[in-house]
Amino acid sequence: MKPIYKKYFTTVGLIWAGCFVLFLCVYILVLAPQEKGKKQFEKQLAEKKQMYNSVLKMAQEETKIRLNEQIESLQNKLQGFVIDYEDSANLTFDISQIAKEKRVASFSIRTKNDRKNSVIPNCSYISENRFDISFTADFNQFATFLNALERHRPIIFVDKFTITRPKQDDSGHEVNMSLAVFVKKRQDS
């Protein structure tokens, strides 16, 4: 081989070897630590994602539990205002029992079966039952009876009442009352 080619190949070989050593040093000093840092960062990222997903799942479970508790609380409040359809038949008996306990005389109760008045506009879950009651009582009996109706659960609304003075002084006042109660509509399965 000619000395010019030998010198040329030696120079090119030394340049290649120098570049290889230089690239090897750069890899060892710069890229290898970055690769190690990258793997450690990916590991931390995976741990954080796992923690985020578990916290998100717990938050959803806690949210479900909290919402279920709110629903239960609201249903309990609703029970104070609305009577079940099946229990609405017992309501006349309950009102009669209150009248008997308060010792009002000549007590009578009538259910108004007027479909037009029982429908509540834009309401698909509850309706209204109405009752007309009449009795004879003095003022204290009337007040205690009215108080007992107001404290009844579910709530009985006194829509209107009239009190008529007795014709004779020894008899009680004649009272006519119109009552309303909210009733859950029968749900078709």
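The values are calculated or read from the model by the stated rules, or taken from the named source; none is laboratory data. All values derive from a computational prediction rather than experimental measurement. Heads up, the Cβs are rebuilt from the backbone with ideal geometry, glycines too, and the neighbour counts pull from every protein chain shown. Quick note on the areas: whole protein, heavy atoms, side chains included, nothing else; ligands and nucleic acids left out. Shrake-Rupley method; radii C 1.70, N 1.55, O 1.52, S 1.80 Å.
State which entries of Lys112/Lys184; Lys64/Lys184; Lys112/Lys160 exceed 22 angstrom in Cα-Cα distance in the structure shown.
In this structure, Lys64/Lys184 exceed 22 Å between Cα atoms.
Taking the Cα atoms only, what angle lies between the long axis of helix 3-26 and the longest principal axis of the chain, rounded to 10 degrees?
Helix 3-26 sits roughly 30 degrees off the main axis of the chain.
Taking 35 Å as R0, compute the FRET efficiency from the Cβ-Cβ separation of His152 and Ile65 and round it to 0.05.
Here the calculated transfer efficiency is 0.60.
Lys112 versus Gln168, label points 7 Å from Cα toward the beta carbon: distance in nm?
3.2
Hey, how many Å between the Cα centroid of region 153-177 and the Cα centroid of region 92-108?
Answer, in whole Å: 12.
Considering only protein heavy atoms, what per residue accessible area in square angstrom results for the chain with a 1.4 angstrom probe?
Here the per-residue accessible area is 80 Å².
What is the antiparallel percent of DSSP beta bridges lying wholly in the chain, to the nearest 5?
Taking every DSSP beta bridge with both residues in the chain, the antiparallel ones total about 95 percent.
Give me the percent of the accessible area of the chain that comes from carbon and sulfur atoms, probe 1.4 Å, all protein chains in place.
Answer for the chain: carbon and sulfur cover 57 percent of the accessible area.
I'd like the accessible area for Glu101, computed on protein heavy atoms only with a 1.4 Å probe and all protein chains in place. Round to 10 Å², please.
130
Could you list the trypsin sites (Lys or Arg not before Pro) in region 121-166 that lie in coil according to DSSP, counting only those with at most 16 other Cβ atoms within 10 Å of their Cβ?
Taking region 121-166 and a limit of 16 other Cβ atoms within 10 Å, no loop trypsin sites (Lys or Arg not before Pro) are found.
Compute the acute angle (0 to 90°) between the alpha-carbon long axis of helix 139-151 and the principal axis of greatest extent of the alpha-carbon atoms of the chain; round to the nearest 10°.
20
Rounded to the nearest 500, what is the 222 nm mean residue ellipticity of the chain from helices alone, with -39500 (n - 2.57) per DSSP H run of 4+ residues and division by all residues?
So the helix-based figure for the chain works out to -18000 deg cm²/dmol.
Can you give the angle from 0 to 90° between the axis of helix 32-79 and the longest principal axis of the chain, with both taken from C-alpha atoms, to the nearest 10?
Between the helix axis and the principal axis of the chain, the angle is about 0 degrees.
Tell me which chymotrypsin sites (Phe, Trp or Tyr not before Pro) from region 75-180 have a DSSP coil assignment and no more than 14 other beta carbons within 10 Å of their own.
Passing both the DSSP loop test and the Cβ count: Phe81, Tyr125.
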